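One structure is given here, and the rest of the page talks about it.
The values are calculated or read from the model by the stated rules, or taken from the named source; none is laboratory data. In this text the structure is predicted, and so the values were computed from the model without any measurement. As a convention, Cβ positions derive from the backbone with ideal geometry for all residues, glycine included, and neighbour counts pool all protein chains shown. Accessible surface is based on the protein model in full, side chains and every heavy atom, while ligands, DNA and RNA are left aside. Shrake-Rupley method; radii C 1.70, N 1.55, O 1.52, S 1.80 Å.
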Amino acid sequence: MKLNRIGIILIASALAVIALVVSLLVARQQDSQAAQVRIKGVGLVKSLGGIPMALLQDGGQTAGLLNALLAYHDNGDFAYAAIIDAKGATLAEVAGRGAMMPSAPLPASAATGFGERTLPAAAGTPALREFFGPLADRTQGTAYVRVGFYPPRYTMLARDVSFLALLALAMFLLVPLIYFVIKREMAPLAALNVQLRQLAAPDEPHAAPAGEARELVDSMQTYVAQAGTRIAQLELGARNTMADNRLLQYGSKKLSAALQSLPDGLLMLDPGGDVTFVSGKVEPLLGIPADALLGQPLDAWCRDTPLRSLLMRYSGHGRQQPAHGRVNTVEFAPANVDGRQLSATAQPLSGGHGTMAFGTLVVLRDVTREYLSRQAGNDFVAHVSHELKSPLNVIAMYAEMLADSDEESIRVESLNVIQDEIERMNALVGNLLNVSKLDTGSMSPERNRVRLDDMLRDVHEQALPRAESRQLAVALDLPRDLDAVTIDKDLFRIALNNLLTNAIKYNRPGGTVTLAARNDGHEIVISVRDTGIGIAADQRDRIFEKFYRVSESGAPVARGGHGLGLYLAAQIVEMHHGRIVVDSEPGVGSTFSIHLKSAPAPAGAAVL
Ligand code: ADP
């Protein structure tokens with residue numbers, strides 16, 4: 001089917017080629033005939049232009065040379081020859097059969113040289129090709145030669161016909177030859193086509209190829225088998241790569257999740273100083289959103305001078321960077337977050353073994369607590385030094401007075417002051433020791449079931465002398481059936497003493513202090529009430545802080561103290577899983593209440 005189509009195409013191509021060759025030949029023939037007319041025309045104009053006028057024109061007896069032309073050129077394509085003067089009037093003329101010279105004026109170029117032109121045809125005649133030029137003989141004034149020819153008409157000659165016939169025959173003979181060659185060369189391809197179809201649909205019956213086609217089919221089958229194996233290998237490789245990619249993705253996600261969940265903030269900078277990674281903790285620490293950091297250079301986001309100068313040392317390609325493993329840390333208060341202290345540690349990131357640095361890793365850590373406790377430590381040393389120094393100065397002064405004076409009243413006063421100051425220092429040192437035990441965790445309560453009313457009576461009795469010296473009454477208000485509690489008696493005594501000391505210290509002469517206790521459901525509430533100066537509402541939360549003292553004008557200094565009493569009391573109550581609350585009205589008085597879980601006596605239990 002396909003071969004038949006090729007045969008038809010070959011025949012059509014051969015016919016087209018023959019038509020093309022014939023048309024080319026005809027065109028060539030026409031060109032050559034036109035050239036011959038041109039040669040004739042130009043030659044004739046030049047020849048006539050050199051002949052004297054007298055010879056050209058007819059004489060009385062003789063015919064002019066121009067007439068002789070008619071005899072020579074009357075061969076079909078000659079139209080006319082004429083001599084005309086400058087005004088276009090005909091001086092001599094000869095025309096072929098049926099021809100007539102058109103009365104077209106000559107172009108100006110005719111005076112200087114030879115020329116040619118095509119003149120429009122008169123009705124029913126073909127267009128004329130005219131050649132013209134000047135006449136050398138000027139005896140009758142300026143004159144011109146005009147010679148006209150009919151355009152050549154192509155006529156196929158017998159030899160042309162036989163040549164074209166031979167050519168066509170040769171081409172037609174080539175067609176079957178080419179056809180059979182193609183058919184022979186395409187035979188293996190046709191067989192291959194059959195085989196490929198068989199490969200595609202093995203169940204359908206197909207004829208087996210033979211000879212050269214068999215070889216081709218065999219090589220094709222080998223190639224197909226190899227290609228199949230290669231494709232299988234590539235598919236396996238692709239599957240492995242995909243699995244590797246997934247593993248890599250999983251690994252990188254795991255790593256990213258681990259970095260994100262670190263309690264510290266992580267920043268990574270490239271060697272140029274631009275941020276390339278920001279962990280989730282950075283935003284709350286620096287107060288800058290991750291978007292405003294990623295891809296940004298240092299100048300665009302860092303307003304914290306210490307951090308900035310640290311990172312400047314690590315960024316910039318050309319700069320001398322700190323050696324790998326050299327860690328630098330700075331501490332700073334971030335400009336965008338109030339009341340926070342951060343530490344930033346920078347370290348170059350390198351591939352190890354002296355390879356190029358990938359950039360810098362910056363670890364940001366919230367060190368506010370450490371900073372505050374350092375501050376508190378410094379304050380503490382300054383405070384304690386001051387608190388110890390002032391009684392020592394007073395003691396030194398009164399000891400001198402004691403030594404120098406014989407007056408009994410001065411000696412008694414000096415001794416009293418020295419004793420008071422020693423007591424004060426003793427109280428301070430005792431409190432400091434307890435606080436230090438609390439802070440180091442070495443204060444471990446020894447809890448026992450305790451009959452609380454006995455202990456409260458003791459504490460009340462001890463407070464009486466101090467209260468009386470300040471003209472204060474101390475009342476004790478206990479119910480008869482107060483439940484027992486499980487406490488460390490010694491520690492609890494410190495807490496109650498501190499509350500009673502404050503109730504006396506911050507009271508006014510003539511005032512009262514009441515130590516009371518009551519059962520309240522499963523709790524026992526111990527309260528110390530006074531009619532003293534009271535505590536302003538905004539101070540109540542802070543009075544339990546270590547070293548905190550209300551800066552009421554004059555009051556704290558006059559009454560002395562170290563800001564440790566309530567801190568200790570609150571810590572001790574907390575150790576007993578209780579709570580301490582304060583209720584106060586400035587100028588009226590305060591009530592400190594300790595709430596403890598009661599421990600009702602199991603049958604036969606011992607009570608201390
Ligand atoms: P201090 O050694 O100053 O008494 P405390 O820790 O015992 O230290 O008390 C902290 C602050 O609480 C005191 O400076 C005082 O201003 C206030 N305060 C404590 N108890 C009373 C109270 N009963 N009445 C008024 N203010 C009190």
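In this Cβ point-charge picture (+1 for Lys and Arg, -1 for Asp and Glu), the chain has a dipole of about 3860 debye about its Cα centre. Projecting the Cα atoms of VAL17, GLN30, LEU286 onto the dipole axis of the chain, where Lys and Arg carry +1 and Asp and Glu carry -1 at the beta carbon, places GLN30 farthest toward the positive end. Listed by chain and number, the lysines whose C-alpha is less than 26 Å from the C-alpha of LYS437, apart from same-chain residues fewer than 8 away, are LYS389, LYS489, LYS505, LYS546, LYS597.
Which of the trypsin sites (Lys or Arg not before Pro) across region 381-468 are loop residues per DSSP, with 15 or fewer other Cβ within 10 Å? For trypsin sites (Lys or Arg not before Pro) across region 381-468 that sit outside H, G, I, E and B with at most 15 neighbouring Cβ atoms in 10 Å, the list reads ARG451. In terms of its alpha-carbon gyration tensor, the chain comes out prolate; a/c meets the 1.5 threshold, and the first ratio a/b outweighs b/c. Partners of LYS253 within straight-line reach, counting lysines whose Cα lies under 20 Å from its Cα and excluding those fewer than 8 residues away in the same chain: LYS281. Accessible surface for the chain, divided over its residues, is 59 Å² per residue with a 1.4 Å probe. Just check region 436-505 against the gyration tensor rule for me: Cα atoms, a ≥ b ≥ c as the square roots of the eigenvalues, rounded for a/c under 1.5, and otherwise prolate or oblate depending on whether a/b exceeds b/c. Note, shape of region 436-505 comes out oblate.
Please give the Cα centre distance for region 234-248 versus region 354-422, rounded to the nearest Å. That distance is 70 Å.
For region 231-236, putting each phi into the Karplus relation 6.51 cos²θ - 1.76 cosθ + 1.60 with θ = phi - 60° gives couplings of 5, 4, 4, 4, 5, 4 Hz, in residue order, rounded to whole numbers and with x for Gly and Pro.
What a 1.4 Å probe finds exposed on the chain is 58% carbon and sulfur by accessible area, rounded to a whole percent.
Give the range of the longest stretch in the chain that excludes all GluC sites (Glu not before Pro) found in loop regions by DSSP and having at most 15 other beta-carbon atoms within 10 Å. It runs 1-406. Backbone geometry of region 79-94 corresponds, through the Karplus equation with coefficients 6.51, -1.76 and 1.60 at θ = phi - 60°, to 3J(HN,Hα) couplings of 9, 7, 9, 8, 10, 10, 8, 4, 8, x, 6, 7, 9, 8, 7, 9 Hz, x marking Gly and Pro. Rolling a 1.4 Å probe over the protein chains gives ASP538 an accessible area of about 110 Å².
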